[in-house]
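Heads up: the structure comes next, in C-alpha cells.
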Amino acid sequence: MIRGFFFFIWFWMTSIGNAQESTTSKNVSVFTIEAPQLKTTKKIWIYLPKDYSASAKKYSVIYMHDAQNLFDSKTAYSGEWNVDEKLDSLKAPVIVVGIEHGNDKRTNELTPYKNEKYGGGNADNYLDFIVKTLKPYIDTNYRTKPNAKNTLIMGSSLGGLVSYYAVLKYPETFGKAGVFSPSFWFSNDIYNRTVQAPKIKTKIYFLCGDKESDEMVKDMTKMERLLDTKRCYCLHLTKSKIVKGGEHNEKLWRDGFVKAVLWLGY
C-alpha cells in the first residue's frame, strides 16, 4: 500500500525547489569524500557537540543515512528530524555523521538483497564505504571513541533495514543500532541472515507506527522474536516501540529519535 510512496518519494528529496531558509545549527557542517566502493563521491553532514571546540574530550559517533532529512528543512522532503536541535537541548556528547542518500541509487545502496520488483542489493558496498573509508576518516580527523560500544548506526525505512543489516555484517564496528520503520518486506533473506548469524550482542532499538502498512508491525515483531532466540534473555539488548497512530513519515522518526538515543546510550 505505502511501499511505492516511501520508496520513490526519496528520489525527489533534493530535486524539489525549496526557497525557505536553512534551519541547520551552526555546529553542523558539510564535506564531500570519495566513495571508491560505490564509484562516486558522497556528501557528508557532520554534527559536532556545542562544546567540541572548547574541550579535549572524545565522543561517541552516530552514523545516519538520508542526511538531507536530518538537520535542515530546506533539503528535507517532508520535514526534518531536527537532530541538531534535539542533541543541543540534551547537551549530548555525541557526533553525528549523516550520509546523503544517492537519489536514484538510494534503493540500491540501502538494500542488502535484491527484490524482484524494485531491484537493489548493493548494501555490502555501501557499508564497506562507511566502515573502510568514511569511519577511518572521521576517526582520524575528529576526536572520537572508535570502538563498537561507542559507534551507533541509525536510519528509517530502507535506512532502518540497512542499519539492522549493518549490525549483522559488522558487529565488531557497530555496537548499537536505531532501526526505525525497517523495510524487512524487501526480502525474506534478511530473516534467513538473522537465523544464521552468530549470537547477537548489539543493542537494537526498534520503532514503528501501527498505521504505516499492513505488514510493518508484524514484520518488526517477527524479527524481534528471532533475535530473542539469538541472545541471553537476561541481557535486555533489544527494545521495541510501536507508536499508536504512527505513520511512515519524518514526524514519527523525529519524535522517536531522542528516546532511542537515550536508551541506546552514548
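Bear in mind that the values in this text are calculations on the coordinates, not laboratory data. Since the model is a prediction, treat every value here as computed from it, not as a measurement. FYI the Cβ positions are ideal-geometry reconstructions off the backbone, even for glycines, and counts take in every protein chain you see.
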Check: segment 165-210 dipole with +1 on Lys, Arg Cβ and -1 on Asp, Glu Cβ, in debye
240
Least to most buried among 187, 25, 181, 78 (fewest other Cβ within 10 Å first)
78, 25, 187, 181
Would you mind ranking 227, 207 by Cβ crowding within 10 Å, fewest neighbours first?
227, 207
Vicinal HN-Hα couplings computed from phi for segment 134-148 (Karplus, 6.51 cos²θ - 1.76 cosθ + 1.60; Hz; Gly/Pro x)
5, 4, x, 5, 4, 5, 7, 9, 10, 7, 10, 9, x, 6, 4
Here P(r) for segment 202-266, Cα-Cα distances in 5 Å bins, as whole percents, is 4, 17, 26, 22, 19, 10, 3
Taking a ≥ b ≥ c as the square roots of the eigenvalues of the Cα gyration tensor, with a/c under 1.5 meaning rounded and otherwise prolate when a/b exceeds b/c and oblate if not, segment 74-138 is oblate
Segment 92-177: D in µm²/s via Stokes-Einstein (Kirkwood Rh, Cα pairs, 37 °C, 0.692 mPa s)?
244
For residue 39 and residue 140, extending 7 Å from Cα along the Cα-Cβ vector and measuring point to point gives, in nm, a value of 2.5
Packing-based exposure ordering (other Cβ within 10 Å, fewest first) of 193, 143, 225:
225, 143, 193
